[in-house]
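Notes for the one structure printed next.
The values are calculated or read from the model by the stated rules, or taken from the named source; none is laboratory data. Every value quoted in this text rests on a predicted model; they were computed, and no experiment measured them. Note that we place each Cβ from the backbone using ideal geometry, even for glycine, and neighbour counts take in every protein chain shown.
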Amino acid sequence: MEKDPLITVCGAGGFIGGALVADLRAQGFARLRAVDQKPLAEWYQRFDDVENLCLDLSGKPACETAAKDTHTLYNLAADMGGMGFIENNKALCMLSVLINTHLCMAARDAGVARYFYASSACVYNADKQKSYDVPALKEADAYPAMPEDGYGWEKLFSERMCRHFREDFGLQTRVARYHNVYGPHGTWDGGREKAPAAVCRKVALAKRSGAHEIDIWGTGEQTRSFMYITDCVQGTQMLTQSDFIEPVNIGSAEMVSINQLVDIVEEIAGVKLKRSYKLDAPKGVNGRSSDNTLIKEVFGWEPSTRLRDGMEKTYAWISDEIAAGRASL
């Protein structure tokens, strides 16, 4: 990469985008542009030595502003959340197609050298995720297409958009399929949080209140793999800087049930809680984890942070947020 290239991170006010900006700063990149539609006060991480822009990237003029003079553009911008959000806001999730479409157009016109798109494991065929002990998902399992309704279809369509902008216009696109990213400095309440943050919040609040009971969505037997944020940021940059052009899983291969996830957080918190299972709550597919054969073959690397280690850091951060009064009991 050239000396002092302008790197633009779209969705920088969010969880992954904020962590990416923080990591790029730590590496010494001097020219960073951070873009998000949220007011600056609502960004999870914000840095005064970065060019911070509040823009609604669903519109093409805003995307042109974001892409101007950019060497590398990371598109992490989307209207999304955990399963409770994406099952009840399908149209809102699909409208994120405007962001990627307009950013691809703006990046092409601005001569952006590298364009990263954050896709999701929600693109995978639902028929391959019906059992709790499901085989890990390979990249080829996205087809024949039957992704998560709403959010998954938008992600899969946007993957194709990136592919064809590369083939037709020469825009060097790179696509990662993220598997359940978690860690500090992300959403942990309000309805958009994902399972690791939700479990940490529920356990921490139960411990503080003395209620000693928490709700679990579904049976608790549904399985997932969860990737710690530092692994996500490392893999994202590795892929973006590489010559590998196909979508690739970036996720942990350590699959656990939601009940096992709760066990881990209870152990960290030093409590044992009664569990109330909400069988009518959104729970997503029965099983999903990342097959890392391809990423290991191409990069000799895979996400390696143990779930127990990552959850310790996540629980400590969320517990501190609650203690600081940033959520109500």
Counted residues, the stretch 52-69 - those being touching a residue at least 12 places away in the same chain (Cβ under 8 Å) and more than 23 Å from the chain's Cα centre (by Cα): 5
Among (1) surrounded by fewer than 21 Cβ atoms within 10 Å (Cβ to Cβ); (2) in contact (Cβ under 8 Å) with a residue 40 or more places away in the chain; (3) closer than 29 Å to D309 by Cα, the one test that A126 misses: (3)
Sole exception among (1) under 27 Å from A323 (Cβ atoms); (2) more than 19 Å from the chain's Cα centre (by Cα); (3) small (G, A, S); (4) in a loop (DSSP other than H, G, I, E, B) for A204, by number: (4)
Cβ-Cβ under 8 Å pairs, at least 6 apart or on other chains, the stretch 285-303 side surrounded by fewer than 17 Cβ atoms within 10 Å (Cβ to Cβ), far side assigned to a loop (DSSP other than H, G, I, E, B): T293/K138; K296/E302; V298/S242; V298/F244; F299/S242; F299/F244
Those residues of the stretch 46-69 which are buried (at least 24 other Cβ atoms within 10 Å of the Cβ) and either assigned to a loop (DSSP other than H, G, I, E, B) or modelled with pLDDT under 95 (or both), in sequence order: L57
Condition met for R177 (in contact with a strand residue (DSSP E or B) (Cβ under 6 Å, 6 or more places away or on another chain), assigned to a helix (DSSP H, G or I) and in contact (Cβ under 8 Å) with a residue 60 or more places away in the chain): no
All positions within the stretch 263-277 that are among the hydrophobic types (A, V, I, L, M, F, W, C) and in a helix (DSSP H, G or I): I264, V265, I268, A269
Tabulated pairs, the stretch 21-36, first among the β-branched types (V, I, T) and surrounded by fewer than 22 Cβ atoms within 10 Å (Cβ to Cβ), second modelled with pLDDT of 95 or more and outside any helix (DSSP H, G or I), C-beta under 7 angstrom, 6+ apart or interchain: none
Test: residue in the stretch 234-254 that is in contact with a strand residue (DSSP E or B) (Cβ under 7 Å, 6 or more places away or on another chain), more than 27 Å from A12 (Cβ to Cβ) and modelled with pLDDT of 95 or more: yes
